[in-house]
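The values are calculated or read from the model by the stated rules, or taken from the named source; none is laboratory data. No experiment lies behind these values; they were computed from the predicted model shown. Note that we place each Cβ from the backbone using ideal geometry, even for glycine, and neighbour counts take in every protein chain shown.
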Amino acid sequence: MPELPEIEAWVRALDGPVSASSVLRAGPAHVATLKTFDPPLAALEGRRLAGARRRGKHLLFPTDDGELVLRIHLMSAGRLRLLKAGAKGPKTPAFRLRFEDGGELVLTEAGAKKRAGVWLQAPAATETELAHLGPEALEVDAARLREILLNDNRRLHSLLRDQRALAGIGRAHANEILWRAGLSPFALSTQLEDADVGRLAAAIHEDLERALELRERGKGDKDVYLVHRRLGKPCPHGHEASSGGPIHQVDYEEHTVFYCPACQTGGRILKDRRLSRLLR
Ligand SMILES: [Zn+2]
């Protein structure tokens, strides 16, 4: 699933193009993709977007008259494409927005399951629906992070991914951030020392800012992720293999977590904690 850096890179790339001319045609949208019906998508036609914004992993496109907000959530498989006038796009995208200047914003989703979403609402309704989101991950300092960690006794990997606690981080960047901070994915949020919290806050900023910079240059997962999905690869910190070996993985809840034993668990190998196993 695209996380904060990838979404923010899209927001920066789209801000100019989507506000350059008015919307000529909004839709069609796949029936499972469009989550709202009143107002209809056609209400966007003839209006101009004020640009692109972001809240957590949601892309927001407010109209410049302040009356409507188009919201897009990519979920796991949704992908955006910005097409120049005359460029050939997919035949049946999940959603299409055509502009007066001939440009198009196209949402596609691979696979049979349609999970990506498009909403068209008044700003107040959008705000209400996003009110559950925690503070933006890039706006949180160590003091605020400490409050968030103490508010809920949870395993760090689970807490970092929780959009209600902190908005923008998913399982890939939770792996990256915890590795960077040298903290176990299974460490409990209320049991961190002040120094741990400081390192975690710094790791959140370092990791997300590095990833955003790479995404803005068009780099993909292979360059952005240093431990996520790198089972068996050497840890980028370059320590001796004898001190814990390469990147490991462990099943936790419905996720696979990647970590470096040497950097994060004092060399200890974590045991699977799959929900199905716990329920047996
Ligand atoms: Zn390591």
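A few comments on the model shown:
- Residue within the range 266-276 that is assigned to a helix (DSSP H, G or I) and surrounded by 20 or more Cβ atoms within 10 Å (Cβ to Cβ) present: no
- Scanning the range 180-214 for residues that are surrounded by fewer than 20 Cβ atoms within 10 Å (Cβ to Cβ), over 19 Å from A165 (Cα atoms) and among the basic types (K, R) yields a count of 1.
- Subset of the range 215-255 (residues that are away from the ligand (no atom under 16 Å from the Cβ), surrounded by fewer than 16 Cβ atoms within 10 Å (Cβ to Cβ) and not charged (D, E, K, R)): G218, G220
- The range 18-58, subset part of a helix (DSSP H, G or I) and in contact with a Gly (Cβ under 6 Å, 6 or more places away or on another chain), residue farthest from G220 (Cα to Cα): L41
- Listed conditions (1) of a type in the set (S, T, Y); (2) under 24 Å from F61 (Cβ atoms); (3) touching a residue at least 40 places away in the same chain (Cβ under 8 Å) are all met by Y225, apart from (2).
- Taken over the range 31-61, the criterion of being of a type in the set (F, W, Y) and either surrounded by fewer than 21 Cβ atoms within 10 Å (Cβ to Cβ) or at pLDDT below 95 (or both) is satisfied by F37 alone.
- Hits in the range 11-44 - residues which are over 15 Å from V69 (Cβ atoms) and β-branched (V, I, T): V31, T33
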